[in-house]
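The values are calculated or read from the model by the stated rules, or taken from the named source; none is laboratory data. Here the structure is a predicted model, which is why all the values come from computation and not from measurement. Here the Cβ is made from the backbone with ideal geometry for all residues, glycine too, and neighbour counts use every protein chain on show. Surface accessibility is based on the protein's heavy atoms, side chains included, excluding ligands, DNA and RNA. Shrake-Rupley method; radii C 1.70, N 1.55, O 1.52, S 1.80 Å.
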Amino acid sequence: PINTNHEAFHSAEENAKSRNEKLLNNKGNKSVEVFHRELGKIVWDECGMSRNKDGLKQAISDIENLKSEFWADVNVPGHNHSFNQELAKAGRVADLIELGEVMMRDALDRNESCGGHFRNEYQTKEGEALRDDETFCNVSAWENNGDKKPKLHVENLKFNDVPLSQRSYK
């Protein structure tokens, strides 16, 4: 267990305080809800059940711009001395913006259709999802690098008892 005297605790606490102060002192012109809705529209339009390379690239660019605009123009009313629902929501939306960007990067990186994630460029002649198990038989995780682009970590998977096969949804 980590006690409150540990350096990791102090670092996390200072980072949270700094982020809250930045959000509260920003005094921008747009509500948190405006940014939440815009992010939702980007994700819905470009990373839904069906997606494509150009849309995902555009979505990454749109989310990067949205992130910059959020930190420059969000308005979070209230203060940090008691529970502040708008501040809590702003923190969640900031996190969702980061998550949205990583989702787009992951979807763009995966050059196949698999399960419920359909890349228009990767389909059979019959319109079925076209998998690429040789390249994407793995689990991936993205590492947050602060202001830099996230870093991809990949661990290959090995199936001993269940053979991988192309699905048909017909």
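Which shape class applies to region 1-45: rounded if a/c is under 1.5, otherwise prolate when a/b exceeds b/c and oblate if not, where a ≥ b ≥ c are the square roots of the Cα gyration tensor eigenvalues?
Because a/c hits 1.5 or more and a/b fails to exceed b/c, region 1-45 counts as oblate.
Can you pull the accessible area of Thr135 for me, 1.4 Å probe, Å² to the nearest 10?
80
Could you list which residues have their amide H under 5 Å from that of Gln123, counting only those 5 or more apart in sequence or on another chain, with H placed in the peptide plane?
Leu130
So, counting K/R as plus one and D/E as minus one, what does the shell of residues with Cβ under 10 Å around Asn111 add up to?
-1
Once phi is turned into ³J(HN,Hα) by the Karplus curve 6.51 cos²θ - 1.76 cosθ + 1.60 with θ = phi - 60°, what whole-Hz value does each residue of region 145-160 show in order, with x for glycine and proline?
10, x, 7, 7, 5, x, 9, 8, 10, 10, 10, 5, 10, 10, 9, 9
Taking the chain as the reference, fit the longest principal axis to its C-alpha atoms, fit the long axis of helix 32-46 to the helix C-alpha atoms, and give the angle between the two in degrees, 0 to 90, nearest 10.
Once rounded, the angle reads 10 degrees.
If you add up the charges near Trp142, with Lys and Arg at +1 and Asp and Glu at -1, over every other residue whose beta carbon is less than 14 angstrom from its beta carbon, what do you get?
Counting the neighbours of Trp142, the net charge comes to -2.
Add -39500 (n - 2.57) for each DSSP H run of 4 or more in the chain, then divide by its residues: what number comes out at 222 nm, to the nearest 500 deg cm²/dmol?
Computed ellipticity for the chain at 222 nm equals -16500 deg cm²/dmol.
Please give every one of the aspartates and glutamates within straight-line cross-link reach of Lys170, meaning a C-alpha to C-alpha distance under 17 Å, and leave out same-chain neighbours fewer than 8 residues apart.
Straight-line reach from Lys170, under 17 Å: Glu126, Glu128.
By how many degrees, 0 to 90 and rounded to 10, does the Cα axis of helix 85-109 deviate from the longest principal axis of the chain?
30
At what distance in nm do the modelled label points of Asp109 and Ser18 sit from each other, each positioned 7 Å from its Cα along Cα→Cβ?
2.6
Take the cross-link list Lys57/Lys89; Lys22/Lys148; Lys30/Lys149; Lys17/Lys67; Lys17/Lys57 and give me the ones stretching past 24 Å between alpha-carbons.
As for pairs spanning more than 24 Å Cα to Cα, those are Lys57/Lys89; Lys30/Lys149; Lys17/Lys57.
Looking at the chain, what % of its DSSP beta bridges pair antiparallel, to the nearest 5?
75
Any chance you could list the semi-axes, whole Å, largest first, of the equivalent ellipsoid that the Cα gyration tensor gives for region 30-119, using √(5λ)?
30, 12, 9
Rounded to the nearest Å, what's the spacing between the alpha carbon centres of region 142-170 and region 37-88? Just the number, please.
Cα centroid of region 142-170 versus Cα centroid of region 37-88: 25 Å apart.
Suppose every Lys and Arg Cβ carries +1 and every Asp and Glu Cβ carries -1, with no other charges. What dipole size does the chain come out with about its Cα centre, to the nearest 20 debye?
260
Work out how much length Lys149 to Leu164 would gain on full extension: take 0.36 nm times their residue separation and subtract the Cα-Cα distance, in nm to one decimal.
Additional length available on full extension: 2.2 nm.
Let me spell out the model: positive unit charges on the Cβ of Lys and Arg, negative unit charges on the Cβ of Asp and Glu, origin at the Cα centre of region 10-59. What dipole size does that give, in debye rounded to 20?
120
Which angle between 0 and 90 degrees, to the nearest 10, do you get for helix 7-25 versus the longest principal axis of the chain when only C-alpha atoms count?
80
Could you size up the charge dipole of region 71-170 around its Cα centre, putting +1 on the beta carbon of Lys and Arg and -1 on that of Asp and Glu, and report it in debye to the nearest 20?
In total the dipole reaches around 120 debye.
For volume of the Cα convex hull per residue in Å³, several values are listed as (1) 168; (2) 104; (3) 114; flag the one computed from this structure.
(1)
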